[in-house]
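The values are calculated or read from the model by the stated rules, or taken from the named source; none is laboratory data. All values reported here derive from a predicted model rather than from experimental measurement. FYI the Cβ positions are ideal-geometry reconstructions off the backbone, even for glycines, and counts take in every protein chain you see. Calculation scope for accessible area: heavy atoms of the full protein, side chains included, ligands and nucleic acids excluded. Shrake-Rupley method; radii C 1.70, N 1.55, O 1.52, S 1.80 Å.
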Amino acid sequence: MTAMDRHDQAYTYCAFCPKVCRFSCPVSEASHSESLSAWGKMTAAHLVHEGKRPIDAGTSKAVHACTGCMRCSSFCKHENTVGDALFAAREETIKAGLQPKGSASTLATFSQSQNPFGRELSSLVDTWKSDTPVRYPLFPGCSSLVKRPELIEDTLAVSRAFGAPMGVAKVSSRCCGYPLYAAGSHDAFKEHAQANAAVLEHVPELSVLDPGCAFTFNVVYPQFGVQLKTRIRTVVEVLADNLAHAPHHPPLEETVGYHDACHLGRGLGQYDQPRALLAKAVTKVTEAASIRREGGCAGGGGLLPRTMPDVAVEVARRQAIEVAGAQGDVAVVTACATSKRMFERAGRKSYDLMALLRRWADQRPQPLGEPDQKRGET
Ligand code: SF4
Ligand code: SF4
């Protein structure tokens, strides 16, 4: 059985669909291409699977033009998991030697170092060794470990301010394996997931910073028959549960736009938690016309930034305008480090939710009786 066989019904449903979700695909919209709509890409996969079209440069491009954002599923009567099915089709491009360069190099790096950055991660994890007791072991994700240590610092500081101290877990030197899944190397992904399950055997709980990692652990692993015993929660979820212990500071007098990251929102159903945190931190939040299940994508998933970098940035640019307007003076806030990077690549100001919460939590509390200069109150 090939990876594509599991999605036979999904390919067929799409191929015979009157393009109901046609407007929903951010890649199709950003590239102005009907053949890159969910319908177009799934029809290409259907024809390949039926042996009616060869895997060639065109079909390879089609099955790689997807971020796995799940937005099309929100408008689909069958709730077809299009991203999942297209990622499976990518396996055929590996066999045919027709993978896009960006995807092939990701796999090559992963096979050498077990993560997409080609770095040894244990020593990075060791630098975060905590001197104080932690209640919540933190799994930051390899992207923050390698590229965004300040995001880990912000998260640790915010967790302390919320009375829910976190500390970087030793097991976070292992990548969740999402790049293997997205590249279509599904046998390697399953093997990697099984190895992670064995390593996590005695870890009762993890607070996961990157929504993509949490989605991979909680949603993708079970699809491959791998069930973790570890309770996986997102950092956003843990902090929202501890809101009652958050500092009693007034919100920052700022306007920000909020972007529902796909893996956090559609993937894990966490729409209210980040909004509850934001409502504490700032006075005004703008949102796109389409949010939650129907919200837009920032273009960072499915290896799109590596396979179609210009299209990925255009996806982010469009979503930033939806969320925060065309002028660029309002920052886009997101709980996903990849989305933030994509908004920045599109030339927009963007904050990580953790950085914003830290700024809010670090405000000096107003001593009792001290006049509030700004408001002229006593
Ligand atoms: S995802 Fe659903 S609505 Fe979209 S083309 Fe496929 S079957 Fe039609
Ligand atoms: S999962 Fe997202 S990027 Fe992929 S086809 Fe559906 S809407 Fe387009």
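The criterion of at least 1 residues that are open to solvent by less than 30 Å² (accessible area, probe 1.4 Å) and aromatic (Phe, Trp, Tyr) is met, among helices (runs of 4 or more DSSP H) falling completely within segment 92-180, by 101-113.
Would you confirm whether any residue within segment 78-87 is more than 18 Å from Gly299 (Cβ to Cβ), touching a Leu at 6+ places or on another chain (Cβ under 9 Å) and more than 12 Å from ligand 2 (Cβ to nearest atom)? No: zero hits.
Restricting attention to segment 64-81, which residues are of a type in the set (A, V, I, L, M) and open to solvent by less than 10 Å² (accessible area, probe 1.4 Å)?
Answer for segment 64-81, where residues must be of a type in the set (A, V, I, L, M) and open to solvent by less than 10 Å² (accessible area, probe 1.4 Å): just Ala65.
For segment 214-252, the set of residues classified as open to solvent by 40 Å² or more (accessible area, probe 1.4 Å) and out of contact with any strand residue (DSSP E or B) (no Cβ under 9 Å at 6 or more places or on another chain) consists of Val219, Pro222, Gln223, Gly225, Gln227, Lys229, Ala244, His245, His248, listed by residue number.
Against the criterion of being more than 23 Å from Gly118 (Cα to Cα), acidic (Asp, Glu) and open to solvent by 10 Å² or more (accessible area, probe 1.4 Å), Glu191 does not qualify. The numbered conditions (1) closer than 21 Å to Thr67 by Cα; (2) in contact (Cβ under 8 Å) with a residue 60 or more places away in the chain; (3) part of a helix (DSSP H, G or I) are all true for Gly300 except (3).
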